[in-house]
Amino acid sequence: MLQLVININEYFYEYRKDLYFINFCSDEEKQKDFSLFLRNIDSEPEGKADIEAWIAKNLPHTTIIPLLPSTYDSGVFQAPYNGTIALLWDEEDRKKFESIWEDENGKSKDSRFQFYAYNIRNGTTEKFQILQH
């Protein structure tokens, strides 16, 4: 199914705010094969419906945006989409999510996905290292 998916650069251009996103691929899978992080999927990834339901109930003001976890810019092109979602949140939303879904080391308590953040204000990255390969 074709759908419009923005990349990281488009997100920053459009929204000009911190980027929070969830990728539906475990850290163990990414360590074994980085291409899994960018894999194409034929159906919704495992865990996506569950996390979207939690967000709808607990952070109902959230806008969810399909995101290609890449900074590759080439205009309009066709590419695989792995189910990654960007979340239009503020810092309080982030803290609420992390308090429920992450351990003290910033790892997801649910192996089906991982949360990442990029702070646009000072250019620092947090839990974003996977994209710097």
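Derivation of every value follows stated rules applied to the coordinates shown; laboratory data play no part. None of the values given here were measured: they were computed from a predicted structure. Quick reminder, even Gly has a Cβ in these numbers, built from the backbone with ideal geometry, and neighbours come from all protein chains shown.
Collect residues whose amide H, placed 1.01 Å from N in the peptide plane, falls under 5 Å from the amide H of residue 6; neighbours closer than 5 in sequence don't count.
Placed amide hydrogens put 68 under 5 Å from residue 6.
In nm, give the distance between the simple-model label positions of residue 109 and residue 53, each being 7 Å from the Cα along the Cα-to-Cβ direction.
1.7 nm
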